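Some notes on the structure that comes next.
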Amino acid sequence: MSFSTLISVAQLKALQAQQDNSQSLMVFDCSCDLMQPEVGAQQYAQAHIPGALYADLNTALSAKGDPAVTGAASGGRHPLPPREVFAQWLGSVGFTPGMQAVVYDRQGANYCGRLWWMLKWLGHANVAVLDGGWQAWVAAGGSQEAGVVNPVAGADYPVAHALAALSTVETVASRLTSGTQTLIDARGAPRYRGEMEPIDPVAGHIPGALNRPFAANLGADGFFKPADTLRAEFLALLGDRDPASVVHHCGSGVSAVPNVLAMEIAGLGQTALFAGSWSEWCSDPSRPVAQG
């Protein structure tokens, strides 16, 4: 049995219990703190799901330096690395096409969704987010280990047909007034409205964008809301807009992914990610900005 959206703690435990799971399952801890980049690795080292590898947002899951130099697949504060570079990293930790990947974090699926999306983008279907994250694992009495797991390197992961849609800043700009795209901004409402901006140099949002903070996909218990609830909420937000036209974004293309995942859970199909997001959009003063 394979998992491509969510996986429960019970289901993960069952996979772990299967014979030869070391060849068929790989778990990734993606815990992160944007303001304190070292915190995620520290949390992982203190305690993690046994056998889990650490996936660092700022190194493994982002390109370094100027996108024009690195060949990054997007701009913004967390530019996507080229697919081939990401494939090399997967090979360096021993990940193979036949594996089921499970990703989790301690921050409400804010960061692990990045790896979920990137694996789909590379052509890997069998990747799931641990519903409820680390907190659910601990609450269910899941076993823990400390320290750092040293991966065993293998061959580079073979790049395949992308199973996730990436939208560029040029595409978003060209369709801004065409009526063919629906932008959904996953940032908190005060940042969306331009009342505050703690990270990027310009406050506001892309004109016409709708607002759905990524945390709205979770219930008070920290689990994703039921599929029918998510579906009703997204359809209410979209109104008469086609779900297939949706392009998700946030500040730097990370916290938008829970909205991508939630629409899949809701049965609304695969939607696009503008990975450069607000940080790339507002880097060019010629691009329009809306507030309120």
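Values as computed for the structure displayed
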read-out	value
Ranked list, fewest to most other Cβ atoms within 10 Å of each Cβ, for 277, 255	255, 277
Three principal axis lengths of the range 6-139 [C-alpha, angstrom, descending]	45, 32, 22
The range 78-204 - percent relative contact order, Cα under 8 Å, separation 6 or more	28
Using distinct alpha-carbon pairs, which all enter the 1/r mean, Kirkwood radius of the range 166-281 in Å	14.2
Set of lysines near residue 225 by C-alpha distance (under 25 Å), chain-local residues within fewer than 8 positions excluded	13, 120
The range 44-61 and the range 146-166: distance between their alpha carbon centers, rounded to Å	13
Kirkwood-based shape ratio for the chain, expressed as Rg/Rh from alpha carbons	0.95
Loop-located trypsin sites (Lys or Arg not before Pro) in the range 11-120 whose Cβ has at most 14 other Cβ within 10 Å (DSSP)	64
Inter-centroid distance (Cα atoms) of the range 188-210 relative to the range 218-292, Å	15
Where the Cα pairs of the range 93-192 fall when distances are cut into 10 Å bins, in %	12, 29, 33, 19, 6, 0
Estimated distance in nm for a label pair at residue 291 and residue 245, the labels positioned 7 Å out from Cα along Cα-to-Cβ	2.8
Dipole magnitude of the chain about its Cα centre (Cβ charges: Lys, Arg +1; Asp, Glu -1), debye to nearest 20	300
Potential lengthening between residue 177 and residue 11 on full extension [0.36 nm per residue; Cα-Cα distance subtracted]	55.3 nm
Helix-only CD estimate at 222 nm, as mean residue ellipticity for the chain, using -39500 (n - 2.57) per DSSP H run (n ≥ 4)	-8000 deg cm²/dmol
Longest exposed-site-free window of the chain, the sites being GluC sites (Glu not before Pro) in a DSSP loop that have at most 14 other C-beta atoms within 10 Å	39-194
Relative contact order of the chain, defined on C-alpha pairs under 8 angstrom at six or more residues apart (%)	21
Least to most buried among 250, 32 (fewest other Cβ within 10 Å first)	32, 250
Helix axis angle, 227-238 relative to the chain longest principal axis, alpha carbon, degrees	20
Dipole magnitude of the range 6-139, debye to nearest 20 (Cβ charges: Lys/Arg +1, Asp/Glu -1, about Cα centre)	180
Residue-span extension gain [residue 197 to residue 88] - 0.36 nm each, minus C-alpha spacing	35.7 nm
Size of electric dipole in the range 112-187: Cβ of Lys, Arg +1 and of Asp, Glu -1, about Cα centre, debye, nearest 20	180
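No value in this document is a laboratory result; all are computed from the given coordinates. Everything numeric in this text was worked out from a predicted model, so none of it was measured. Cβ atoms come from the backbone with ideal geometry, glycine included; neighbour counts cover every protein chain shown.
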